[in-house]
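The values are calculated or read from the model by the stated rules, or taken from the named source; none is laboratory data. The structure presented is a predicted model; accordingly, all values stated were derived computationally and were not measured. Glycine also receives a Cβ, built like all others from the backbone with ideal geometry; neighbour counts cover every protein chain displayed. Heavy atoms of the whole protein, side chains included, go into the accessibility calculation; ligands, DNA and RNA do not. Shrake-Rupley method; radii C 1.70, N 1.55, O 1.52, S 1.80 Å.
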Amino acid sequence: MDIQLDPARDDLPLMANTSHILVKHYVLDLDVDFESQVIEGTIVLFLEDGNRFKKQNSSIEEACQSESNKACKFGMPEPCHIPVTNARTLSSEMEYNDFAICSKGEKDTSDKDGNHDNQEHASGISSSKYCCDTGNHGSEDFLLVLDCCDLSVLKVEEVDVAAVPGLEKFTRSPELTVVSEEFRNQIVHELVTLPANRWREQLDYYACCSQAPGCGELLFDTDTWSLQIRKTGAQTATDFPHAIRIWYKTKPEGRSVTWTSDQSGRPCVYTVGSPINNRALFPCQEPPVAMSTWQATVRAAASFVVLMSGENSAKPTQLWEGCSSWYYYVTMPMPASTFTIAVGCWTEMKMETWSSNDLATERPFSPSEANFRHVGVCSHMEYPCRFQNASATTQEIIPHRVFAPVCLTGACQETLLRLIPPCLSAAHSVLGTHPFSRLDVLIVPANFPSLGMASPHIMFLSQSILTGGNHLCGTRLCHEIAHAWFGLAIGARDWTEEWLSEGFATHLEDVFWATAQQLAPHEAREQQELRACLRWRRLQDEMQCSPEEMQVLRFPHVGGHSGSFS
(Lines give C-alpha, C1' and ligand atoms only; values in the text may rest on other atoms or scores of the structure.)
Protein backbone atom coordinates (compact mmCIF):
# COMPACT_ATOMS: atom_id res chain seq x y z
CA MET A 1 0.00 0.00 0.00
CA ASP A 2 1.42 3.34 -1.02
CA ILE A 3 1.62 6.11 1.57
CA GLN A 4 0.11 9.50 0.84
CA LEU A 5 1.26 12.21 3.23
CA ASP A 6 0.23 15.74 3.98
CA PRO A 7 3.46 17.65 4.85
CA ALA A 8 1.48 20.01 7.10
CA ARG A 9 0.12 17.13 9.17
CA ASP A 10 2.05 13.90 8.74
CA ASP A 11 5.53 12.79 9.68
CA LEU A 12 8.36 12.28 7.23
CA PRO A 13 8.29 8.56 6.37
CA LEU A 14 11.70 7.05 7.11
CA MET A 15 11.29 3.82 5.17
CA ALA A 16 14.84 2.42 5.25
CA ASN A 17 15.16 -0.80 7.25
CA THR A 18 18.29 0.31 9.11
CA SER A 19 17.74 -2.19 11.90
CA HIS A 20 18.71 -5.01 9.51
CA ILE A 21 21.35 -3.50 7.23
CA LEU A 22 23.31 -0.25 7.05
CA VAL A 23 24.96 1.68 4.25
CA LYS A 24 28.53 2.40 5.34
CA HIS A 25 29.71 4.23 2.21
CA TYR A 26 28.25 5.78 -0.96
CA VAL A 27 30.12 6.26 -4.24
CA LEU A 28 28.28 8.63 -6.58
CA ASP A 29 29.13 9.12 -10.26
CA LEU A 30 26.82 11.77 -11.68
CA ASP A 31 26.23 14.04 -14.68
CA VAL A 32 24.41 17.37 -14.33
CA ASP A 33 22.31 18.33 -17.37
CA PHE A 34 20.83 21.81 -17.20
CA GLU A 35 18.90 21.47 -20.46
CA SER A 36 16.80 18.58 -19.17
CA GLN A 37 17.17 19.64 -15.50
CA VAL A 38 18.25 16.13 -14.57
CA ILE A 39 21.08 14.66 -12.52
CA GLU A 40 21.78 11.10 -13.61
CA GLY A 41 24.34 8.38 -13.14
CA THR A 42 25.11 5.62 -10.69
CA ILE A 43 25.44 5.21 -6.97
CA VAL A 44 27.26 2.25 -5.40
CA LEU A 45 26.29 1.28 -1.85
CA PHE A 46 28.64 -0.63 0.47
CA LEU A 47 26.58 -2.34 3.13
CA GLU A 48 27.05 -3.98 6.52
CA ASP A 49 24.39 -6.22 8.00
CA GLY A 50 22.84 -5.16 11.29
CA ASN A 51 24.20 -8.03 13.38
CA ARG A 52 27.79 -7.01 12.73
CA PHE A 53 26.93 -3.37 13.34
CA LYS A 54 25.29 -4.15 16.67
CA LYS A 55 28.33 -6.14 17.79
CA GLN A 56 30.67 -3.30 16.84
CA ASN A 57 28.47 -0.70 18.52
CA SER A 58 28.18 -2.86 21.62
CA SER A 59 31.96 -2.99 21.86
CA ILE A 60 32.13 0.81 21.56
CA GLU A 61 29.52 1.24 24.31
CA GLU A 62 31.41 -1.18 26.57
CA ALA A 63 34.62 0.77 25.98
CA CYS A 64 32.84 4.04 26.78
CA GLN A 65 31.42 2.58 29.98
CA SER A 66 34.84 1.30 30.99
CA GLU A 67 36.40 4.72 30.34
CA SER A 68 33.66 6.37 32.38
CA ASN A 69 34.31 4.06 35.31
CA LYS A 70 37.95 4.95 35.25
CA ALA A 71 37.23 8.63 35.45
CA CYS A 72 7.25 -6.65 4.08
CA LYS A 73 8.01 -8.71 2.52
CA PHE A 74 8.80 -7.67 -1.12
CA GLY A 75 6.29 -5.18 -2.45
CA MET A 76 4.77 -2.03 -1.03
CA PRO A 77 5.51 -1.38 2.65
CA GLU A 78 2.45 -1.31 4.87
CA PRO A 79 2.31 1.83 7.02
CA CYS A 80 1.80 1.72 10.75
CA HIS A 81 -0.73 4.45 11.38
CA ILE A 82 0.54 6.36 14.38
CA PRO A 83 -1.09 9.60 15.58
CA VAL A 84 1.44 12.38 15.14
CA THR A 85 1.87 16.05 15.82
CA ASN A 86 3.72 18.68 13.84
CA ALA A 87 7.46 19.16 14.22
CA ARG A 88 10.40 20.12 12.04
CA THR A 89 12.49 17.99 9.76
CA LEU A 90 15.74 19.59 8.68
CA SER A 91 18.23 18.50 6.06
CA SER A 92 21.67 19.50 7.25
CA GLU A 93 20.98 22.46 9.56
CA MET A 94 18.52 24.67 7.74
CA GLU A 95 16.96 27.72 9.30
CA TYR A 96 13.27 27.87 8.42
CA ASN A 97 11.22 30.89 9.37
CA ASP A 98 7.73 30.32 8.02
CA PHE A 99 7.85 26.86 6.48
CA ALA A 100 6.29 24.18 8.67
CA ILE A 101 7.34 20.67 7.75
CA CYS A 102 7.10 17.22 9.19
CA SER A 103 9.17 14.85 11.28
CA LYS A 104 9.27 11.37 12.67
CA GLY A 105 6.63 10.48 15.20
CA GLU A 106 7.02 9.62 18.84
CA LYS A 107 9.10 6.68 19.87
CA ASP A 108 7.28 3.37 19.99
CA THR A 109 8.71 0.48 21.96
CA SER A 110 6.82 -2.27 20.16
CA ASP A 111 8.63 -4.83 18.03
CA LYS A 112 6.04 -5.06 15.30
CA ASP A 113 6.02 -3.69 11.78
CA GLY A 114 9.61 -2.57 11.81
CA ASN A 115 9.47 -0.65 15.08
CA HIS A 116 12.12 -1.28 17.69
CA ASP A 117 12.56 -1.07 21.40
CA ASN A 118 14.63 1.23 23.60
CA GLN A 119 17.59 -1.10 23.55
CA GLU A 120 17.82 -0.90 19.77
CA HIS A 121 17.59 2.89 19.88
CA ALA A 122 20.36 2.94 22.47
CA SER A 123 22.57 0.79 20.27
CA GLY A 124 22.32 3.24 17.44
CA ILE A 125 19.83 1.29 15.33
CA SER A 126 16.68 3.07 14.29
CA SER A 127 13.86 2.32 11.93
CA SER A 128 10.77 4.02 10.62
CA LYS A 129 7.30 3.57 11.89
CA TYR A 130 6.29 3.22 8.27
CA CYS A 131 8.80 0.47 7.56
CA CYS A 132 7.94 -3.19 7.34
CA ASP A 133 9.88 -5.86 9.19
CA THR A 134 12.14 -7.01 6.36
CA GLY A 135 14.17 -9.60 8.18
CA ASN A 136 14.13 -13.33 7.63
CA HIS A 137 10.66 -14.75 6.92
CA GLY A 138 11.49 -18.38 6.41
CA SER A 139 11.55 -19.03 2.67
CA GLU A 140 11.01 -15.38 1.73
CA ASP A 141 13.83 -13.23 0.36
CA PHE A 142 15.39 -10.45 2.39
CA LEU A 143 14.29 -7.00 1.30
CA LEU A 144 16.58 -3.95 1.30
CA VAL A 145 14.44 -0.83 1.65
CA LEU A 146 15.95 2.56 0.81
CA ASP A 147 14.41 6.00 1.16
CA CYS A 148 13.64 7.16 -2.37
CA CYS A 149 11.26 9.69 -3.90
CA ASP A 150 10.97 11.53 -7.23
CA LEU A 151 13.66 9.32 -8.80
CA SER A 152 13.62 7.15 -11.91
CA VAL A 153 15.45 3.95 -11.00
CA LEU A 154 16.63 2.24 -14.17
CA LYS A 155 18.62 -0.77 -13.01
CA VAL A 156 20.06 -2.39 -9.88
CA GLU A 157 22.86 -4.94 -9.86
CA GLU A 158 25.32 -6.64 -7.55
CA VAL A 159 28.92 -5.43 -7.87
CA ASP A 160 31.63 -8.06 -8.30
CA VAL A 161 34.17 -6.62 -5.86
CA ALA A 162 36.16 -9.85 -6.15
CA ALA A 163 37.12 -8.77 -9.68
CA VAL A 164 39.12 -5.83 -8.33
CA PRO A 165 42.84 -6.72 -8.26
CA GLY A 166 44.30 -6.70 -4.76
CA LEU A 167 41.05 -7.05 -2.85
CA GLU A 168 41.46 -10.80 -2.44
CA LYS A 169 43.85 -10.03 0.44
CA PHE A 170 40.82 -8.89 2.45
CA THR A 171 39.46 -12.43 2.74
CA ARG A 172 40.38 -14.10 5.99
CA SER A 173 38.88 -17.49 5.22
CA PRO A 174 41.29 -19.67 3.21
CA GLU A 175 38.51 -22.18 2.61
CA LEU A 176 36.67 -19.65 0.43
CA THR A 177 38.47 -20.58 -2.76
CA VAL A 178 35.46 -20.10 -5.02
CA VAL A 179 34.03 -16.64 -5.62
CA SER A 180 30.67 -16.64 -3.87
CA GLU A 181 28.31 -14.25 -2.13
CA GLU A 182 30.05 -14.95 1.17
CA PHE A 183 33.44 -14.30 -0.45
CA ARG A 184 32.36 -10.93 -1.87
CA ASN A 185 30.60 -9.90 1.32
CA GLN A 186 33.67 -10.70 3.37
CA ILE A 187 35.74 -8.44 1.09
CA VAL A 188 33.25 -5.60 1.64
CA HIS A 189 33.25 -6.18 5.39
CA GLU A 190 37.03 -5.95 5.58
CA LEU A 191 37.00 -2.88 3.34
CA VAL A 192 34.44 -0.91 5.38
CA THR A 193 36.24 -1.77 8.64
CA LEU A 194 39.75 -0.74 7.60
CA PRO A 195 41.55 1.26 10.32
CA ALA A 196 41.17 5.03 10.19
CA ASN A 197 44.83 5.56 9.30
CA ARG A 198 44.23 3.73 6.01
CA TRP A 199 41.46 6.06 4.82
CA ARG A 200 43.22 7.06 1.60
CA GLU A 201 43.72 3.44 0.62
CA GLN A 202 40.10 2.76 1.56
CA LEU A 203 38.80 5.54 -0.70
CA ASP A 204 40.92 4.23 -3.58
CA TYR A 205 39.48 0.74 -3.14
CA TYR A 206 35.94 2.12 -2.94
CA ALA A 207 36.55 3.93 -6.24
CA CYS A 208 37.93 0.79 -7.88
CA CYS A 209 35.02 -1.28 -6.60
CA SER A 210 32.54 1.24 -7.93
CA GLN A 211 33.94 0.62 -11.42
CA ALA A 212 33.95 -3.18 -11.09
CA PRO A 213 31.66 -5.20 -13.37
CA GLY A 214 28.26 -6.35 -12.26
CA CYS A 215 27.58 -9.97 -11.41
CA GLY A 216 23.83 -10.18 -11.68
CA GLU A 217 20.85 -7.86 -11.80
CA LEU A 218 18.71 -7.54 -8.69
CA LEU A 219 14.94 -7.32 -8.53
CA PHE A 220 13.57 -3.97 -7.44
CA ASP A 221 10.36 -2.06 -7.04
CA THR A 222 9.52 1.53 -6.12
CA ASP A 223 6.65 3.37 -4.53
CA THR A 224 6.20 7.02 -3.56
CA TRP A 225 8.67 6.93 -0.68
CA SER A 226 10.98 3.95 -1.13
CA LEU A 227 13.08 1.70 -3.33
CA GLN A 228 12.87 -1.99 -2.47
CA ILE A 229 15.58 -4.41 -3.63
CA ARG A 230 15.92 -8.16 -3.27
CA LYS A 231 17.99 -11.04 -4.58
CA THR A 232 16.33 -14.38 -5.16
CA GLY A 233 17.52 -16.87 -2.55
CA ALA A 234 19.07 -14.29 -0.20
CA GLN A 235 16.89 -14.79 2.87
CA THR A 236 18.81 -12.70 5.42
CA ALA A 237 20.75 -9.46 5.51
CA THR A 238 23.94 -11.51 5.87
CA ASP A 239 23.19 -13.29 2.58
CA PHE A 240 22.23 -10.13 0.72
CA PRO A 241 24.89 -8.59 -1.57
CA HIS A 242 26.93 -6.01 0.37
CA ALA A 243 27.93 -3.98 -2.71
CA ILE A 244 25.19 -2.91 -5.12
CA ARG A 245 25.05 -0.43 -7.99
CA ILE A 246 21.96 1.62 -8.84
CA TRP A 247 21.42 3.42 -12.14
CA TYR A 248 19.01 6.29 -11.70
CA LYS A 249 18.09 9.84 -12.68
CA THR A 250 16.42 12.66 -10.80
CA LYS A 251 13.25 14.37 -11.95
CA PRO A 252 13.01 18.11 -12.63
CA GLU A 253 10.24 18.38 -10.06
CA GLY A 254 12.19 16.42 -7.43
CA ARG A 255 11.70 17.96 -4.01
CA SER A 256 15.29 17.50 -2.80
CA VAL A 257 16.81 19.63 -5.57
CA THR A 258 16.01 23.12 -6.80
CA TRP A 259 16.63 24.08 -10.43
CA THR A 260 16.62 27.84 -10.76
CA SER A 261 18.64 30.87 -11.87
CA ASP A 262 21.08 32.85 -9.79
CA GLN A 263 21.00 36.61 -9.22
CA SER A 264 22.94 37.11 -12.48
CA GLY A 265 20.37 35.16 -14.49
CA ARG A 266 22.58 32.09 -14.97
CA PRO A 267 21.13 28.56 -14.46
CA CYS A 268 22.02 26.71 -11.28
CA VAL A 269 20.87 23.85 -9.08
CA TYR A 270 21.26 23.19 -5.38
CA THR A 271 19.97 20.73 -2.80
CA VAL A 272 17.65 22.21 -0.25
CA GLY A 273 16.95 18.80 1.34
CA SER A 274 13.84 19.52 3.36
CA PRO A 275 11.06 18.61 3.46
CA ILE A 276 12.16 15.16 2.26
CA ASN A 277 15.93 15.44 2.79
CA ASN A 278 18.06 13.82 0.06
CA ARG A 279 15.86 10.95 -1.08
CA ALA A 280 15.04 12.80 -4.34
CA LEU A 281 18.77 13.22 -5.03
CA PHE A 282 19.87 9.61 -4.52
CA PRO A 283 18.46 6.41 -2.94
CA CYS A 284 19.72 6.35 0.63
CA GLN A 285 19.05 5.62 4.28
CA GLU A 286 17.74 8.79 5.89
CA PRO A 287 17.14 8.00 9.58
CA PRO A 288 19.70 10.25 11.35
CA VAL A 289 21.39 7.28 13.02
CA ALA A 290 22.29 5.76 9.63
CA MET A 291 25.83 7.11 9.50
CA SER A 292 27.97 6.76 6.39
CA THR A 293 30.85 8.27 4.45
CA TRP A 294 30.78 9.15 0.77
CA GLN A 295 32.76 10.16 -2.27
CA ALA A 296 31.36 11.69 -5.43
CA THR A 297 32.44 12.50 -8.96
CA VAL A 298 30.23 15.09 -10.64
CA ARG A 299 30.50 16.15 -14.27
CA ALA A 300 29.08 19.40 -15.62
CA ALA A 301 29.70 21.91 -18.39
CA ALA A 302 33.07 23.61 -17.98
CA SER A 303 31.46 26.97 -17.21
CA PHE A 304 29.94 25.62 -13.99
CA VAL A 305 31.42 25.26 -10.52
CA VAL A 306 30.47 22.21 -8.44
CA LEU A 307 30.43 22.63 -4.65
CA MET A 308 29.71 19.78 -2.29
CA SER A 309 29.96 18.46 1.24
CA GLY A 310 33.56 17.31 1.03
CA GLU A 311 36.79 17.47 3.01
CA ASN A 312 38.85 18.47 -0.03
CA SER A 313 38.80 21.80 -1.82
CA ALA A 314 38.07 20.27 -5.20
CA LYS A 315 39.37 21.73 -8.43
CA PRO A 316 37.94 20.95 -11.88
CA THR A 317 39.52 18.35 -14.14
CA GLN A 318 38.86 18.86 -17.84
CA LEU A 319 37.57 15.65 -19.41
CA TRP A 320 37.02 16.99 -22.89
CA GLU A 321 36.31 20.37 -24.38
CA GLY A 322 33.38 21.93 -22.62
CA CYS A 323 33.12 19.36 -19.81
CA SER A 324 34.78 19.25 -16.38
CA SER A 325 34.74 16.77 -13.53
CA TRP A 326 34.79 17.51 -9.80
CA TYR A 327 35.64 15.01 -7.04
CA TYR A 328 34.81 15.28 -3.32
CA TYR A 329 34.96 12.89 -0.36
CA VAL A 330 34.28 12.72 3.37
CA THR A 331 35.82 10.37 5.94
CA MET A 332 33.71 11.42 8.94
CA PRO A 333 30.54 9.26 9.07
CA MET A 334 27.50 11.51 8.72
CA PRO A 335 23.74 11.09 8.12
CA ALA A 336 22.84 11.07 4.42
CA SER A 337 20.56 14.07 5.02
CA THR A 338 23.66 16.26 5.51
CA PHE A 339 24.92 15.67 1.94
CA THR A 340 24.77 18.91 -0.05
CA ILE A 341 25.57 19.88 -3.62
CA ALA A 342 25.36 23.16 -5.54
CA VAL A 343 26.20 23.62 -9.22
CA GLY A 344 26.23 27.02 -10.86
CA CYS A 345 28.30 29.74 -12.50
CA TRP A 346 29.63 30.81 -9.15
CA THR A 347 32.58 33.17 -8.85
CA GLU A 348 35.12 32.67 -6.07
CA MET A 349 35.40 35.86 -4.06
CA LYS A 350 38.79 37.21 -3.04
CA MET A 351 39.40 39.98 -0.51
CA GLU A 352 40.80 42.87 -2.54
CA THR A 353 41.00 45.74 -0.05
CA TRP A 354 41.49 45.90 3.68
CA SER A 355 40.58 48.61 6.12
CA SER A 356 42.10 49.31 9.50
CA ASN A 357 38.57 49.01 10.85
CA ASP A 358 38.04 45.47 9.55
CA LEU A 359 37.42 42.89 12.25
CA ALA A 360 39.75 40.48 10.48
CA THR A 361 42.71 42.82 10.97
CA GLU A 362 42.29 43.07 14.71
CA ARG A 363 44.28 41.10 17.24
CA PRO A 364 43.85 37.36 16.69
CA PHE A 365 43.03 35.10 19.60
CA SER A 366 46.10 33.39 20.98
CA PRO A 367 46.04 29.63 21.60
CA SER A 368 46.27 30.24 25.33
CA GLU A 369 42.91 32.01 25.28
CA ALA A 370 41.05 28.96 24.03
CA ASN A 371 39.92 26.16 26.29
CA PHE A 372 41.14 23.37 24.05
CA ARG A 373 39.74 19.89 24.08
CA HIS A 374 42.21 17.30 25.38
CA VAL A 375 43.83 15.42 22.52
CA GLY A 376 43.25 11.76 23.21
CA VAL A 377 41.14 8.75 22.29
CA CYS A 378 37.54 9.53 21.34
CA SER A 379 34.81 7.00 22.04
CA HIS A 380 32.94 7.33 18.73
CA MET A 381 33.26 4.97 15.77
CA GLU A 382 36.70 4.98 14.21
CA TYR A 383 37.46 7.57 11.56
CA PRO A 384 40.25 10.17 10.96
CA CYS A 385 39.05 12.45 13.76
CA ARG A 386 40.32 16.05 13.95
CA PHE A 387 39.91 16.02 17.72
CA GLN A 388 42.76 13.49 17.88
CA ASN A 389 44.98 15.70 15.71
CA ALA A 390 47.22 17.95 17.80
CA SER A 391 47.77 20.46 14.98
CA ALA A 392 44.01 20.88 14.50
CA THR A 393 43.56 22.10 18.08
CA THR A 394 45.54 25.28 17.38
CA GLN A 395 43.98 26.01 13.97
CA GLU A 396 41.86 29.04 14.80
CA ILE A 397 40.82 29.82 11.22
CA ILE A 398 40.25 26.83 8.95
CA PRO A 399 40.81 27.24 5.17
CA HIS A 400 37.72 28.76 3.56
CA ARG A 401 36.43 29.89 0.20
CA VAL A 402 33.52 32.18 -0.68
CA PHE A 403 31.42 31.76 -3.83
CA ALA A 404 28.61 33.91 -5.21
CA PRO A 405 27.11 35.14 -8.46
CA VAL A 406 29.35 37.76 -10.03
CA CYS A 407 26.78 40.52 -9.46
CA LEU A 408 27.19 40.12 -5.68
CA THR A 409 30.97 40.51 -5.68
CA GLY A 410 30.85 44.01 -4.20
CA ALA A 411 28.44 43.07 -1.42
CA CYS A 412 30.57 40.06 -0.46
CA GLN A 413 33.68 42.20 -0.43
CA GLU A 414 32.03 44.79 1.75
CA THR A 415 30.71 42.51 4.48
CA LEU A 416 31.02 38.74 4.29
CA LEU A 417 34.66 38.15 3.37
CA ARG A 418 36.13 40.21 6.18
CA LEU A 419 33.77 38.71 8.79
CA ILE A 420 34.56 35.03 8.23
CA PRO A 421 38.06 34.96 9.82
CA PRO A 422 37.10 36.68 13.11
CA CYS A 423 33.91 34.61 13.41
CA LEU A 424 35.81 31.35 12.87
CA SER A 425 38.47 32.48 15.34
CA ALA A 426 35.80 33.42 17.89
CA ALA A 427 34.19 30.00 17.62
CA HIS A 428 37.58 28.36 18.12
CA SER A 429 38.27 30.50 21.20
CA VAL A 430 35.01 29.33 22.77
CA LEU A 431 34.75 25.67 21.71
CA GLY A 432 38.27 24.73 20.60
CA THR A 433 38.97 22.43 17.67
CA HIS A 434 36.86 22.99 14.56
CA PRO A 435 35.09 19.69 13.72
CA PHE A 436 35.65 20.14 9.97
CA SER A 437 38.92 20.87 8.20
CA ARG A 438 37.68 23.50 5.75
CA LEU A 439 34.65 25.60 4.78
CA ASP A 440 33.03 26.75 1.56
CA VAL A 441 30.47 29.56 1.81
CA LEU A 442 27.97 30.03 -1.01
CA ILE A 443 25.52 32.89 -1.50
CA VAL A 444 22.55 30.95 -2.84
CA PRO A 445 19.84 32.13 -5.26
CA ALA A 446 17.10 34.48 -4.15
CA ASN A 447 14.50 31.69 -3.88
CA PHE A 448 16.43 30.00 -1.06
CA PRO A 449 13.78 29.69 1.69
CA SER A 450 15.81 30.72 4.74
CA LEU A 451 18.73 32.84 5.95
CA GLY A 452 21.21 29.99 6.03
CA MET A 453 21.96 26.27 6.07
CA ALA A 454 25.02 24.52 7.48
CA SER A 455 26.28 21.25 6.03
CA PRO A 456 29.61 19.45 6.45
CA HIS A 457 32.35 21.65 4.92
CA ILE A 458 29.86 23.96 3.18
CA MET A 459 27.45 26.68 4.21
CA PHE A 460 24.59 28.26 2.27
CA LEU A 461 23.79 31.89 3.07
CA SER A 462 20.95 34.06 1.81
CA GLN A 463 21.74 37.25 -0.07
CA SER A 464 19.56 39.03 2.52
CA ILE A 465 22.34 39.00 5.09
CA LEU A 466 24.59 41.05 2.79
CA THR A 467 22.36 44.11 3.03
CA GLY A 468 21.92 44.32 6.79
CA GLY A 469 25.38 45.47 7.78
CA ASN A 470 27.94 43.69 9.93
CA HIS A 471 25.53 42.71 12.69
CA LEU A 472 23.03 40.73 10.58
CA CYS A 473 25.77 39.08 8.53
CA GLY A 474 27.98 38.36 11.54
CA THR A 475 25.28 36.85 13.74
CA ARG A 476 23.97 34.61 10.95
CA LEU A 477 27.49 33.52 10.06
CA CYS A 478 28.17 32.71 13.72
CA HIS A 479 24.92 30.76 13.95
CA GLU A 480 25.82 28.54 10.99
CA ILE A 481 29.39 28.09 12.25
CA ALA A 482 27.96 26.91 15.60
CA HIS A 483 26.07 24.17 13.77
CA ALA A 484 29.42 22.55 12.90
CA TRP A 485 29.47 21.44 16.53
CA PHE A 486 25.76 21.33 17.37
CA GLY A 487 23.74 19.73 14.59
CA LEU A 488 26.54 18.18 12.53
CA ALA A 489 29.36 16.88 14.76
CA ILE A 490 26.70 16.23 17.40
CA GLY A 491 23.27 15.56 15.96
CA ALA A 492 19.82 14.33 16.77
CA ARG A 493 18.94 10.66 17.11
CA ASP A 494 15.67 11.48 15.37
CA TRP A 495 13.96 14.57 14.01
CA THR A 496 12.12 15.40 17.23
CA GLU A 497 15.46 16.48 18.73
CA GLU A 498 16.39 19.12 16.17
CA TRP A 499 15.31 21.87 18.57
CA LEU A 500 18.35 21.02 20.71
CA SER A 501 20.90 21.90 18.04
CA GLU A 502 18.93 25.00 17.09
CA GLY A 503 18.89 26.08 20.72
CA PHE A 504 22.65 25.69 21.13
CA ALA A 505 23.37 27.43 17.82
CA THR A 506 21.08 30.34 18.70
CA HIS A 507 22.76 30.78 22.09
CA LEU A 508 26.26 30.49 20.66
CA GLU A 509 25.69 32.94 17.83
CA ASP A 510 25.55 35.70 20.47
CA VAL A 511 28.61 34.36 22.29
CA PHE A 512 30.65 34.01 19.09
CA TRP A 513 29.60 37.40 17.76
CA ALA A 514 30.43 39.21 20.98
CA THR A 515 33.83 37.54 20.97
CA ALA A 516 34.41 38.35 17.29
CA GLN A 517 33.66 42.03 18.02
CA GLN A 518 35.91 41.85 21.11
CA LEU A 519 33.25 43.50 23.23
CA ALA A 520 33.91 44.23 26.86
CA PRO A 521 32.09 41.81 29.21
CA HIS A 522 29.40 44.34 30.14
CA GLU A 523 28.83 45.24 26.46
CA ALA A 524 28.53 41.59 25.50
CA ARG A 525 26.04 41.00 28.32
CA GLU A 526 23.92 43.99 27.30
CA GLN A 527 23.86 42.87 23.66
CA GLN A 528 22.89 39.32 24.59
CA GLU A 529 20.15 40.53 26.95
CA LEU A 530 18.70 42.76 24.25
CA ARG A 531 18.66 39.92 21.71
CA ALA A 532 17.13 37.56 24.27
CA CYS A 533 14.35 40.11 24.91
CA LEU A 534 13.66 40.42 21.19
CA ARG A 535 13.50 36.63 20.80
CA TRP A 536 11.11 36.38 23.76
CA ARG A 537 8.81 38.96 22.19
CA ARG A 538 8.91 37.13 18.86
CA LEU A 539 8.13 33.82 20.56
CA GLN A 540 5.13 35.36 22.32
CA ASP A 541 3.82 36.67 18.99
CA GLU A 542 4.29 33.28 17.34
CA MET A 543 2.51 31.50 20.20
CA GLN A 544 -0.50 33.79 19.83
CA CYS A 545 -0.70 33.05 16.11
CA SER A 546 0.00 29.29 16.28
CA PRO A 547 -2.58 26.49 16.72
CA GLU A 548 -2.50 24.88 20.14
CA GLU A 549 -1.25 21.54 18.79
CA MET A 550 1.77 23.35 17.33
CA GLN A 551 2.76 24.57 20.79
CA VAL A 552 3.44 21.09 22.18
CA LEU A 553 7.04 19.88 22.11
CA ARG A 554 7.39 16.13 21.89
CA PHE A 555 9.67 14.57 24.48
CA PRO A 556 13.13 13.88 23.02
CA HIS A 557 15.21 10.71 23.34
CA VAL A 558 17.68 12.14 25.85
CA GLY A 559 21.31 11.31 25.15
CA GLY A 560 20.74 10.29 21.56
CA HIS A 561 23.40 11.38 19.07
CA SER A 562 23.36 11.06 15.32
CA GLY A 563 26.76 12.66 14.90
CA SER A 564 30.25 11.31 15.47
CA PHE A 565 31.44 13.95 17.93
CA SER A 566 32.21 12.48 21.33
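Sorted by mean Cβ packing within 10 Å, highest first, what order do the peptides 258-266, 296-304 take? Please list the in-between numbers first.
Details: 258-266: 16.6, 296-304: 18.8.
Highest-to-lowest ranking by the protection proxy: 296-304, 258-266.
What whole-number value in cubic angstrom gives the convex hull volume per residue for the C-alpha atoms of segment 382-547? Let's see the in-between values first.
Values: hull volume 22.2 nm³, N = 166.
Per-residue hull volume (Cα only) is 134 Å³.
Pairs of Cα atoms under 8 Å, at least six residues apart: use those to get the relative contact order of segment 382-547, whole percent.
Values: 197 pairs, mean separation 32.8, N = 166.
Computed over segment 382-547, the figure is 20 percent.
For residue 414 and residue 190, what does the FRET efficiency come to when R0 = 60 Å and r is the distance between their Cβ atoms, rounded to the nearest 0.05? Numbers along the way, then the final one.
Numbers: r = 53 Å, r/R0 = 0.89.
The pair residue 414/residue 190 has a calculated efficiency of 0.65.
For segment 382-547, report the accessible area per residue in Å² (1.4 Å probe, heavy atoms, rounded to an integer). Walk me through the intermediate numbers first.
On the way: 6130 Å² over 166 residues.
Ligands and nucleic acids excluded, the figure is 37 Å² per residue.
Compare 539, 461 by solvent-accessible area with a 1.4 Å probe and give them largest first, with all protein chains kept in place. Before the final figure, lay out the partial values.
Values: 539 80, 461 0 Å².
Descending order: 539, 461.
Express in Å², to the nearest 10, the accessible area of residue 341 obtained by rolling a 1.4 Å probe over the protein heavy atoms while all chains stay in place.
My reading of the accessible area for residue 341 is about 10 Å².
What whole-number value in cubic angstrom gives the convex hull volume per residue for the C-alpha atoms of segment 387-436?
Details: hull volume 3.5 nm³, N = 50.
Cα convex hull per residue, to the nearest whole number: 70 Å³.
Would you work out what percent of the accessible area of segment 382-547, with all protein chains in place, is carbon or sulfur (probe 1.4 Å)?
C and S atoms contribute 57 percent here.
Over 29 Å between Cα atoms: which of 231/315; 24/169; 155/315 fall into that group?
Details: 231/315 39 Å; 24/169 20 Å; 155/315 31 Å.
Beyond 29 Å: 231/315; 155/315.
Quickly work out the residue 221-to-residue 313 label distance, labels modelled 7 Å from Cα along the C-beta direction, and quote it in nm with one decimal.
5.0
Show me 529-535, 23-29, 159-165 ranked by packing, highest mean number of other Cβ atoms within 10 Å first. Let's see the in-between values first.
Working: 529-535: 12.0, 23-29: 23.1, 159-165: 19.4.
Result, highest mean Cβ count within 10 Å first: 23-29, 159-165, 529-535.
Solvent-accessible area per residue for segment 224-360 at a 1.4 Å probe radius, Å²? Before the final figure, lay out the partial values.
Numbers: 4360 Å² over 137 residues.
Ligands and nucleic acids excluded, the result is 32 Å² per residue.
Note the direction-averaged projected area, equal to a quarter of the hull surface, for the Cα convex hull of segment 192-317, in nm².
Working: hull surface 43.0 nm².
Over every viewing direction, the Cα hull of segment 192-317 projects on average to 10.7 nm².
In nm, to one decimal, how far is the residue 526 label point from the residue 472 one, both placed 7 Å along Cα→Cβ?
Modelled inter-label distance: 2.4 nm.
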